[in-house]
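Accompanying notes for the structure given below.
The values are calculated or read from the model by the stated rules, or taken from the named source; none is laboratory data. Because the structure is a prediction, the values reported are computed rather than measured. Here Cβ is always computed from backbone atoms with ideal geometry, including for glycine, and neighbour counts include all displayed protein chains. Heavy atoms of the whole protein, side chains included, go into the accessibility calculation; ligands, DNA and RNA do not. Shrake-Rupley method; radii C 1.70, N 1.55, O 1.52, S 1.80 Å.
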Amino acid sequence: MSELKEKPAAGNPEELLDLRVTDPKHWAAGVPAVYEALKDIVEKAGLIRGLGASLKMNQKGGFDCSSCAWPDPDDDRSPIAEYCENGAKALAEEATTKKLTGEFFAQNSVADLATLNDYEIGKKGRIAQPVYLPEGGTHYQTISWDEAFKKIAGKLNELDSPDEAAFYTSGRTSNEASFIYQLFVREFGTNNMSDCSNMCHESSGTALNEVIGIGKGTVTLNDFYDTDVIIIMGQNPGTNHPRMLSALEKAKKNGSKIIAINPLHEAGLTAFKDPQKVKGFLGIGVKLADLYLQVKINGDMALLKAIEKLLLDAEKENPSKVFDHDFIKKDTVGYNELVKHLEQQDVNKLCKACGVPLEQVQEAAEMLKHKHRIIVCWAMGITQHVNGVDTVKEITNLVLLKGSIGKPGAGLCPVRGHSNVQGNRTMLIWEQLKEEQAKKLKEVFGFDPPKEDGLDVVKSIKAMHAGKLKFFFAMGGNFLSATPDTNYTADGLRKMHMTVHVSTKLNRSHLVHGKEALILPCYSRSDKDVINGVEQIVSCENSMGVVQSSKGVLKPISNQLMSETQIICRLARTTLDSRTKVDWEKYEVDYDKVRELIAKVIPGCEDYNKKIRQPGGFYLPNGPREQKFKTEKYGNKAAFSVVELPVHKQAEDEFVMMTIRSHDQFNTTIYGLEDRYRGIHNERRVIFMNPNDIKKAGFKAGDKVDLYNNHYNRERVAKLFVIVPYHIPEGNTATYYPETNVLVPINSVAAGSNTPVSKAVMIKIKKHLA
């Protein structure tokens, strides 16, 4: 079997590329974004194929971008480009005409491919036909679809228990495929359905379900256009959700103020040059953040408590002028307990804990004091901490105190990272199945779904090591590169009897495999899906609960591809055979039939086929959006929470490291080697450090270093990084993932959500040993 090579996404660790560092940008987008987007599309997909498809992306009746989950405008969509630079790069990746046939795999062994870095692997092209790696084999070899399904079904049916299999889902998977997938897995007999949400917004869903009764945000895109204050925490929209910048620009034009909270000064939080407007095209930008609070890594909760304490003091001076007591009395519980907790807080100590000067915290409180239309946005910088769930609860405390929920221009906005990760969960992709959901599945399909909770991502990896799992199936994604503790995860995958990946392109996870391995090539979001002469559509849900149709426009690069829905239906028929109660063949050839099932099972999806064909789709029900709360613990009330500050333990020679994306990547997909907003060019193996830390540690800019983590009795190392001085709080550092996922301990997880703690990794930095 092939060995995991701890390779970077940009150059061999033994010989770094020619790193060039320039001054960071203080604005995002502009003409450079247009140039980079068009260059990528034309180079990889060609002028006609690429640009033609781009005109249909995120348009009504077109296809949904496979990149981030930021919503499309309900009405005023751009007829030219309703996408961002990263969306264009995502399209270029899947619209490429380069393809990997049997000849490619015959000429390239798994071991040789494993020596490539992630960037090089991703550039090879689309997988054009199913391939199989036999036990002891060195090369993937072509296999027919029928034989592939027989091999997978045989392996599944020889397991001692269905719980010896794990099924993972990427956020790219459509609603139709997600629903069919979970149906197959549950009829097979297990709830082992991990997904990428386990690694990102699980903390948000856990907290919000408990305190407001729904694990999603409560705002719509239109709320951004008419609000008083937008707070953006632990999120970098310029790189991770660039289309959000247009909404922020519109908010600013309409009089909103923006408070940015982040350990790094990011271009996309500072200013925006809209290239689709004359001023933006000419280089004239719009200032975004009115106040930039540079918090220490994981200092967000202390900052929130400091703001709340100042607001409480102001409320005591002017009763009922700062807090919304009518809302608090009618719709919440726990207010008095929270007030007692806040009265015990020392603002000066909280400011020291979060790293933000008192004067700036006072300015933030003043901006919020007399405002009640407030939106709070957040992403991984909040959720991927040990106290991620509690920090989301603290965010909710602030919103509830102000009554800023369930009214226009106000609410909670966890910004999802992948285009249908929220839809996956709506379609029951989850390792937990609620009692009412299980009853509905039994009522509609006639089988008893498993009752025991299944395994999430972290539990799945541990179960691989414990010998409790023997089979791993991934519906999309790059599991190995996305997960924590890379080498530990790799060792777990190698213990599997079989690993199967449904994919569009080659990635690292295909090269670190079980005893047997298969890659099943599927359509991309932009590909046409034609069955029996009928063009099929699918549907997706965005960050704000809008579900709409998606219809590919490109001719697939091979006639050997299948849709995800077809793959699952074929696999289910082969695996379950005569013991199934589901007419899989019917759903394989007509996705309208799948949507009829969704309409019967998923609340809010009644008349689903009609609703998704409406221009712009439809909004799913969202009680808190209308100040209607239904929580398991508190009945028809939203709940305040008393949560304690996290305890930070950091040795003198340790640094706190957070993993981040470059501007030239989406999740684990590396588009290129340019992070122009931060001034990093032609290299990814860098570590951003405060200049004072560099000097105190005896280093200098440009030094080559190795990064170590020794937590939980095991040494982890990421070799050969270059020190780059940066405006980041002392004691804090930042690196790109997936290169440093190897340092994220498998046992370091958020309490309550089990999300890997990728934003606060304790490391030591040593001179590189050649």
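For this structure, a couple of remarks:
- Of the residues making up the stretch 30-58, those that are modelled with pLDDT under 80 and within 24 Å of the chain's Cα centre (by Cα) are A33, A37.
- Looking only at residues in the stretch 589-616 that are more than 25 Å from I212 (Cα to Cα) and not in a helix (DSSP H, G or I), the one that is nearest to the chain's Cα centre (by Cα) is G616.
- Tally of residues being of a type in the set (A, V, I, L, M) and closer than 28 Å to T669 by Cα across the stretch 408-456: 6
- Residue list for the stretch 564-573, restricted to those being open to solvent by less than 10 Å² (accessible area, probe 1.4 Å) and in contact with a strand residue (DSSP E or B) (Cβ under 7 Å, 6 or more places away or on another chain): I567
- If the condition is being in a helix (DSSP H, G or I) and surrounded by 13 or more Cβ atoms within 10 Å (Cβ to Cβ), then the stretch 338-348 contributes L338, V339, H341, L342, V347.
- You will find that of N542, N532, the residue that is farther than 23 Å from K151 by Cβ, in contact (Cβ under 8 Å) with a residue 24 or more places away in the chain and either surrounded by fewer than 21 Cβ atoms within 10 Å (Cβ to Cβ) or of a type in the set (S, T, Y) (or both) is N532 and no other.
- Number of the condition not met by D706 [criteria: (1) farther than 16 Å from M689 by Cβ; (2) not in a loop (DSSP other than H, G, I, E, B)]: (1)
- Of all the residues in the stretch 141-170, those that are open to solvent by 10 Å² or more (accessible area, probe 1.4 Å) and touching a His at 6+ places or on another chain (Cβ under 8 Å) number 1.
- When the criteria are applied in full, I307 fails the requirement of being free of Cβ contacts under 8 Å to residues at least 24 places away in the same chain and β-branched (V, I, T).
- Matching residues in the stretch 282-324 - criterion: being farther than 22 Å from V643 by Cβ and buried (at least 24 other Cβ atoms within 10 Å of the Cβ): L288
- Condition met for V286 (β-branched (V, I, T) and either farther than 24 Å from S67 by Cβ or in contact with a Cys (Cβ under 7 Å, 6 or more places away or on another chain) (or both)): no
- When the stretch 22-77 is limited to residues that are part of a helix (DSSP H, G or I) and small (G, A, S), the one that is surrounded by the most Cβ atoms within 10 Å (Cβ to Cβ) turns out to be S54.
- Single residue of A364, A353, A379, A289 found to be more than 27 Å from R416 (Cα to Cα) and not polar (S, T, N, Q): A353
- 3 or more residues under 25 Å from the mean Cα position of the chain (by Cα): qualifying helices (runs of 4 or more DSSP H) within the stretch 213-329: 221-225, 237-240, 244-253, 267-270, 300-317
- For the stretch 682-703, residues that are open to solvent by less than 20 Å² (accessible area, probe 1.4 Å), in contact with an Asp or Glu (Cβ under 7 Å, 6 or more places away or on another chain) and outside any loop (DSSP other than H, G, I, E, B) total 1.
- Yes/no for Y737 being open to solvent by 30 Å² or more (accessible area, probe 1.4 Å) and among the aromatic types (F, W, Y): yes
- Yes/no for T173 being surrounded by fewer than 22 Cβ atoms within 10 Å (Cβ to Cβ), polar (S, T, N, Q) and assigned to a loop (DSSP other than H, G, I, E, B): no
- Number of positions in the stretch 222-252 that are under 15 Å from P408 (Cα atoms) and open to solvent by 10 Å² or more (accessible area, probe 1.4 Å): 5
- Residues located in the stretch 490-509, provided they are in contact (Cβ under 8 Å) with a residue 40 or more places away in the chain, open to solvent by less than 20 Å² (accessible area, probe 1.4 Å) and more than 19 Å from the chain's Cα centre (by Cα): A490, M498, V500, L506
- Among the residues listed as C413, C354, the single one being crowded, with 23+ Cβ neighbours inside 10 Å, in contact with a Leu (Cβ under 6 Å, 6 or more places away or on another chain) and touching a residue at least 40 places away in the same chain (Cβ under 8 Å): C354
- Residue list for the stretch 525-547, restricted to those being more than 18 Å from the chain's Cα centre (by Cα) and of a type in the set (S, T, Y): S526, S539
- Lone unmet requirement of (1) farther than 23 Å from P756 by Cβ; (2) open to solvent by 20 Å² or more (accessible area, probe 1.4 Å); (3) within 24 Å of the chain's Cα centre (by Cα) for I519: (2)
- Of the helices (runs of 4 or more DSSP H) that lie entirely inside the stretch 412-467, those containing 3 or more residues that are modelled with pLDDT under 95 span 421-426.
- Any hit, the stretch 75-84, residues being of a type in the set (D, E), modelled with pLDDT of 80 or more and more than 22 Å from T669 (Cα to Cα): no
- So V686, is it touching a Lys or Arg at 6+ places or on another chain (Cβ under 7 Å), of a type in the set (V, I, T) and at negative phi: no
- Flag if K586 is modelled with pLDDT of 95 or more and either open to solvent by 20 Å² or more (accessible area, probe 1.4 Å) or not in a helix (DSSP H, G or I) (or both): yes
- Hey, P603 open to solvent by 80 Å² or more (accessible area, probe 1.4 Å) and either acidic (D, E) or at pLDDT 95 or above (or both) or not: yes
- Residue, surrounded by the most Cβ atoms within 10 Å (Cβ to Cβ), within the stretch 748-770, restricted to residues that are out of contact with any helix residue (DSSP H, G or I) (no Cβ under 9 Å at 6 or more places or on another chain) and assigned to a loop (DSSP other than H, G, I, E, B): A760
- Residues (over 26 Å from V339 (Cβ atoms) and β-branched (V, I, T)) located in the stretch 614-668: V656, T659, I660, T668
- Put simply, of S67, S144, S54 the only residue that is touching a residue at least 60 places away in the same chain (Cβ under 8 Å) and not β-branched (V, I, T) is S67.
- Residues being part of a strand (DSSP E or B) and either in contact with a Cys (Cβ under 8 Å, 6 or more places away or on another chain) or under 21 Å from D195 (Cβ atoms) (or both) - total across the stretch 723-747: 0
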